[in-house]
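To start, the structure itself, in structure tokens.
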Amino acid sequence: MTLTPNNPRLLTPGPLTTSHETKEAMLHDWGSRDQNFIDMNRQVRDRLLAIANASDTHVCVPLQGSGTFVVEAAICTLIPSDGKALILINGAYGRRMVKILEYVGRSYVILETPEDQPPSIDVLDQTLMDDPEISHVLTVHCETTSGILNPVEEIARTVKAHDRFMIIDAMSAFGAIALDAAKIPFDALMASSNKCLEGVPGMGFALIRESVLAECEGNAHSLSLDLYDQWQAMEINSQWRFTPPTHVIAAFDAAMKQFEAEGGVVGRHKRYSRNCRILIDGMRELGFKTLLSDNLQAPIIVTFKMPADPAFDFEVFYNHVKESGYVLYPGKLTVAPSFRIGCIGHLDAEDMYAALAAIRKILADMGVKNGAPAAT
Ligand SMILES: *Cc1c(COP(=O)(O)O)cnc(C)c1O
């Protein structure tokens, strides 16, 4: 699709740029009881399990809504009213899970680290040792707030060594960063249609260990968010309980075929890593500094510190970049004034080079000599 100010490339963490093929897959109306739709739904669910190598152990339960809906649904379905959660926080999505726990009235404790630091495995180990009441541990795979990659494998192994349940918000990583159920023993993982799998927004899904979900009847306080009920109903007749997001599923089906053609997680990781490398190298050439060191950086979204040059004004910069066809993402970090640029979605090296060229020109027009932040 031609790049124009009204039809920009989204350098954001979702919704994100989708392919023409994916958009085109929505030019049809499906009845929810239509066999073609039922087959498509089944295939989407099976493919999602296969991506995590979880077909034999887990079930895929889809849910209407944005990613947060399925996070809330998984939390209220999996954690019983007498359960206790431990949330590992280093950004807004960890904090959002705390807010959900407040709403659903489950007890919890937190382990928080700054947005540019992963949780400490030793502290996690000690916390689980000291508090046998903690039943479930919640973590975020890639914390989209900063773009930090959390060590989910070590976290999950530690949680399992203490025989607790492991729940992972893998929203912004699933499909681009390998997460194999045989290596990372998770009980539930949540993600959505509109992030690294490059579908359109409208549904989330949870991959849940079947033996765990089977014990979850009656936990949820909400009918529409009850993943046990959603799963049971779908098991019986392969249909959704309530109106399914038919067009979203059709687009997701098309997006997943493209994902497989690209080489699955390996192929997608390769393209996003290249996008990320080009972006970071190009921005560093302009003097910008990333919040995270390269070893903590996931190839999903990059946080850049705000330049100190007095000629720089983020509002003006953002608007000019948008006019040239690229949408950036303002930061909402507490550790440093910053902004973010995503490298996921239907974007390739050429898009990243073109975005960098636009950024370079806009900075020059603004009279910004250097993107370096204030010395700390
Ligand atoms: C995008 C995202 C979500 C879900 O956000 P929605 O706006 O509800 O789709 C949850 N967790 C993480 C880590 C995310 O990146």
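We did not get these values from a lab; they are worked out from the coordinates using the rules stated. If you're wondering where the values come from, they're calculated on a predicted model, not measured in any experiment. Glycine gets a Cβ as well: all are built from the backbone with ideal geometry, and neighbour counts include every protein chain shown.
Here are some notes:
- Max mean-square fluctuation residue, GNM over the chain, Cα-Cα springs under 10 Å, options 33, 95, 340: 33
- Ranked by how many other beta carbons lie within 10 Å on average, peptides 60-66, 266-272 from highest: 60-66, 266-272
- Zone of residue 81's modelled label, taken as backbone nitrogen in the range 217-244 under 18 Å from a point 7 Å along Cα→Cβ: 217-229
- Counting DSSP beta bridges with both ends in the chain, the antiparallel % (nearest 5): 55 percent
- Amide H contacts of residue 289: 305, each under 5 Å away and 5 or more positions distant or on a separate chain (H built 1.01 Å from N in the peptide plane; Pro and chain starts excluded).
- All lysines inside 17 Å of residue 195 as judged from Cα atoms, apart from same-chain residues fewer than 8 positions distant: 23, 257, 270
- Spatially proximal lysines relative to residue 160 (Cα-Cα < 22 Å; intrachain offsets below 8 disregarded): 84, 183
- Taking 251, 74, 364 as the candidate residues, the one with maximal mean-square fluctuation in a Gaussian network model of the chain, Cα springs under 10 Å, is 364.
- 3J(HN,Hα) along the range 220-229, derived from phi through the Karplus expression 6.51 cos²θ - 1.76 cosθ + 1.60 where θ = phi - 60°, amounts to 6, 8, 10, 5, 5, 9, 7, 6, 5, 5 Hz, with x in place of Gly and Pro.
- Largest GNM mean-square fluctuation across 287, 147, 175, computed for the chain with C-alpha springs under 10 Å, falls on 287.
- Each Lys and Arg contributes +1 and each Asp and Glu -1, all at the Cβ; summed about the Cα centre of the chain, the dipole is approximately 920 debye.
- A quarter of the convex hull surface defined by the alpha-carbon atoms of the chain gives 18.4 nm² as the mean projection.
- Each label point was placed 7 Å from the Cα along the Cα-to-Cβ direction; for residue 34 and residue 19 their separation is 2.2 nm.
- In Hz, Karplus ³J(HN,Hα) per residue of the range 14-25 (6.51, -1.76, 1.60; θ = phi - 60°; x = Gly, Pro): x, x, 9, 4, 10, 7, 4, 4, 5, 5, 5, 5
- Qualifying aspartates and glutamates (Cα of each under 18 Å from Cα of residue 369; at least 8 residues distant if same chain): 281, 285, 309, 313, 315
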